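Input: a single structure, listed below in structure tokens.
The values are calculated or read from the model by the stated rules, or taken from the named source; none is laboratory data. No experiment lies behind these values; they were computed from the predicted model shown. Quick reminder, even Gly has a Cβ in these numbers, built from the backbone with ideal geometry, and neighbours come from all protein chains shown.
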Amino acid sequence: MKYIFFSIALLYGSLFISAQNDSLQPSLKIELPTYKLNLGPIIETIEIPLVAKKASEIDIKSDHWDTTLHNPYADTVQQFPLELNFTDSTYASPVPHTKVVTSRYGWRRGRAHNGIDIDLVTGDSVVSILSGIVRFAKYANGFGNTIVVRHYNGLESTYAHLSYIDVKANDTITKGQYIGKGGNTGNSRGSHLHLELSYKGEQIHPEYLFDFSSKNAIRSEQVWVTQKWTHARYHNSRTVSKVKLIKSADEAALVNLARQPKLYVVQKGDTLYAISRRNNMSLSRLCETNAIKQTSPLKIGQKLVLEL
Ligand SMILES: [Zn+2]
């Protein structure tokens, strides 16, 4: 009986001490009488953490946490394949109405389109697709008013062309929380939401991770991301890419070895017709692969995809 009172007193004592210091994780310290062969009866202390913080919640701000740059990973090189884990099976729709995709991730007008465009009217509420912490909330070149939320699995979501930003860097955000209003700021043709998903600076094809139908489903709680799903040149912004999820490291490694797309850099004097002839491609196939018109002007240095 004496032991029990003693233990309870210690228990409260531990709680009190932990509550005094925020840097300590609150824990229960329990003194248990036990018997050891070589020592005889002794009292052992067992510590039980009270609020088990997820490791990811502690680490989220430890890597390239820069509130001044849209992409703080610009000077880093990532290893592929990347592994991503989700604790949710659904995401929150970023817009408060049916999602109409007006342009997809992929090659567009001779350039990379690294996100998905969702139609909206200026002033429509935009919400965070998952819980996380705001890493960036300011005007960015091309993107206009932009919010970047880093989620607890390391994935970042970017919301661009906003008319209004209603959060600030370092704000903690829950899934579905209102963060700003949609608009047409920056390099944008008409009001829409440009949504990007990236991991350590690598922009991932949003439709590889998420189903953009009304189900708002996250395709898999565990997924491997290969280079195919982080490079716009493998995709066409006008067509739906066939998604085949990679769920094991072995499969991901094999797919990652697959050949790269063949690119051509436009030289002075080039025409689309001449490039198509030299590479045994029809002009229409060349234009379709690159999501450009046959009459599109070429720029020196522009990259064209010859083979996927
Ligand atoms: Zn866009």
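Miscellaneous remarks
- Among the residues making up segment 220-246, a single one is in contact with a strand residue (DSSP E or B) (Cβ under 6 Å, 6 or more places away or on another chain) and charged (D, E, K, R): 233.
- Scanning segment 152-193 for residues that are within 18 Å of residue 218 (Cβ to Cβ), hydrophobic (A, V, I, L, M, F, W, C) and touching a Ser or Thr at 6+ places or on another chain (Cβ under 6 Å) turns up just one, 173.
- Against the test of being in contact with a helix residue (DSSP H, G or I) (Cβ under 6 Å, 6 or more places away or on another chain) and under 27 Å from residue 175 (Cα atoms), the options 197, 245, 193 yield a single qualifying residue, 197.
- Checked against the criterion of being out of contact with any His (no Cβ under 8 Å at 6 or more places or on another chain) and assigned by TED's automatic domain parsing to the domain that holds residue 111, the candidates 247, 299 yield just one match: 247.
- Conditions (1) in contact with a strand residue (DSSP E or B) (Cβ under 9 Å, 6 or more places away or on another chain); (2) modelled with pLDDT of 95 or more: number failed by residue 121: (1)
- The single condition among (1) at pLDDT below 95; (2) buried (at least 20 other Cβ atoms within 10 Å of the Cβ); (3) closer than 30 Å to residue 306 by Cβ; (4) not β-branched (Val, Ile, Thr) that residue 75 does not meet is (2).
- Tally of residues being touching a strand residue (DSSP E or B) at 6+ places or on another chain (Cβ under 8 Å), modelled with pLDDT under 95 and within 12 Å of the ligand (Cβ to nearest atom) across segment 164-200: 2
- Listed by position, the strands (runs of 3 or more DSSP E) inside segment 189-308 whose residues that are surrounded by 13 or more Cβ atoms within 10 Å (Cβ to Cβ) and not aliphatic (A, V, I, L, M) number at least 3 are 192-199.
- Residues in segment 57-72 that are surrounded by 12 or more Cβ atoms within 10 Å (Cβ to Cβ) and either of a type in the set (Val, Ile, Thr) or over 23 Å from residue 171 (Cβ atoms) (or both): 60, 67.
- So residue 151, is it crowded, with 17+ Cβ neighbours inside 10 Å, closer than 30 Å to residue 293 by Cβ and either assigned by TED's automatic domain parsing to the domain that holds residue 241 or within 16 Å of the ligand (Cβ to nearest atom) (or both): no
- Hey, residue 160 among the small types (Gly, Ala, Ser), within 16 Å of the ligand (Cβ to nearest atom) and not in a loop (DSSP other than H, G, I, E, B) or not: yes
- Residue in segment 96-118 that is farthest from residue 286 (Cα to Cα), counting only those that are touching a Ser or Thr at 6+ places or on another chain (Cβ under 6 Å) and within 11 Å of the ligand (Cβ to nearest atom): 117
- Test: residue 133 is within 15 Å of the ligand (Cβ to nearest atom) and β-branched (Val, Ile, Thr): no
- Check on residue 291, outside the structural domain of residue 195 (by TED's automatic domain parsing) and over 30 Å from the mean Cα position of the chain (by Cα): no
- Residues of segment 201-216 satisfying the condition of being on the phi < 0 side of the Ramachandran plot and more than 16 Å from the ligand (Cβ to nearest atom): 202, 208, 209, 211, 213, 214, 215
- Residue within segment 223-234 that is within 26 Å of residue 122 (Cβ to Cβ) and within 16 Å of the ligand (Cβ to nearest atom) present: no
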